[in-house]
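Trainee: Following this message is one structure expressed as structure tokens.
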Amino acid sequence: KEWHASFGVLVCNKCKYGNPQFDLIPKSKAKQLYLVTDGELNCIGTISKPNPYKPSWAPMKLYLKSQVLEMSRERYEDDEALEKELKKRALLKLKRDIQKEKDKHSGSSGKKRGSYAQARARRKKKKTGKNPRSKPKVMERHEHDFPEEQSQHNYDADSGKWYVKCRSCDFQYSYEE
């Protein structure tokens, strides 16, 4: 009865657990794998179950995988277009992560942080002539140079992650699609 009310599907208990046509998918996975939006998911039926990880958290919303897949195909027309969009988003995420790493190491994040501490250090420097936070430089700074072409990224099927190596050193950055 619950499945008929939520998904409009009449199915017995034996069939719904053994048949991949009746697989359920959580909301987060549906958004991640099939790139559907919250608005699109609101248009189809859902079953709410208590969160298995922590009961005090919001209930888990489960959708019929076949309905989510159908909705994704309406939006992206075929599986190739969906794969292309997933790769495009993964590459954009990689670029953002690389830029974030560069900003972290260069100190130019664009945000003013610790302005009170910096002002205090400047006042102390004026009084003593020394920077209280100065540390001896041990290594020279290095800015990683990653190839942007997807063909130069390596995929590890065991871990399900992509790897990209810096052109000038052996640093390896990993990411998931």
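Trainee: Starting at the first residue of segment 40-48, write each ³J(HN,Hα) from the Karplus equation 6.51 cos²θ - 1.76 cosθ + 1.60 with θ = phi - 60°, in whole Hz, x for Gly and Pro.
Mentor: Once rounded to whole Hz, the list reads 5, 5, 5, 7, 10, x, 9, 10, 9.
Trainee: Work out, step by step, the length gained on full extension between Glu83 and Cys166: first 0.36 nm times the residue separation, then minus their alpha carbon distance; give nm to one decimal.
Mentor: Length gained between Glu83 and Cys166: 27.3 nm.
Trainee: Against the empirical 2.2 N^0.38 Å scaling, what ratio does the C-alpha Rg of segment 1-117 come to?
Mentor: Dividing the Cα radius of gyration by 2.2 N^0.38 Å gives 1.50.
Trainee: Rolling a 1.4 angstrom probe over the protein heavy atoms, how many square angstrom per residue are accessible across segment 36-76?
Mentor: 63 Å²
Trainee: Oh, and also: Please list the non-local residues whose amide H lies under 5 Å from the amide H of Lys161, H modeled 1.01 Å from N, same-chain partners needing a gap of 5 or more.
Mentor: Amide H neighbours of Lys161: Asp156.
Trainee: Would you grab the residues whose amide H sits under 5 Å from the one on Val9? Only those 5+ places off in sequence or on another chain, please, with H modelled 1.01 Å from N.
Mentor: Sorted by chain and number, the residues that satisfy this are His4.
Trainee: Throw me the Rg/Rh for segment 1-55, computed over C-alpha atoms with Kirkwood Rh, two decimals.
Mentor: My calculation puts Rg/Rh at 0.98.
Trainee: What list of ³J(HN,Hα) couplings, whole Hz, do you get for segment 14-21 from phi and the Karplus terms 6.51, -1.76, 1.60, once you set θ to phi - 60° and write x for glycine and proline?
Mentor: Whole-Hz 3J(HN,Hα) from phi for segment 14-21: 4, 6, 5, 9, x, 9, x, 5.
Trainee: Heavy-atom accessible area of Ser168 with all protein chains present, probe 1.4 Å, nearest 10 Å²?
Mentor: About 80 Å², rounded to the nearest 10.
Trainee: Right, another one. In what sequence, largest accessible area first, do Cys12, Cys169, Cys43 appear using a 1.4 Å probe?
Mentor: The most accessible residue leads, giving Cys43, Cys12, Cys169.
The values are calculated or read from the model by the stated rules, or taken from the named source; none is laboratory data. Here the structure is a predicted model, which means the values were calculated and not measured. These area figures cover heavy atoms from the full protein model, side chains too; ligands, DNA and RNA do not enter into them. Shrake-Rupley method; radii C 1.70, N 1.55, O 1.52, S 1.80 Å.
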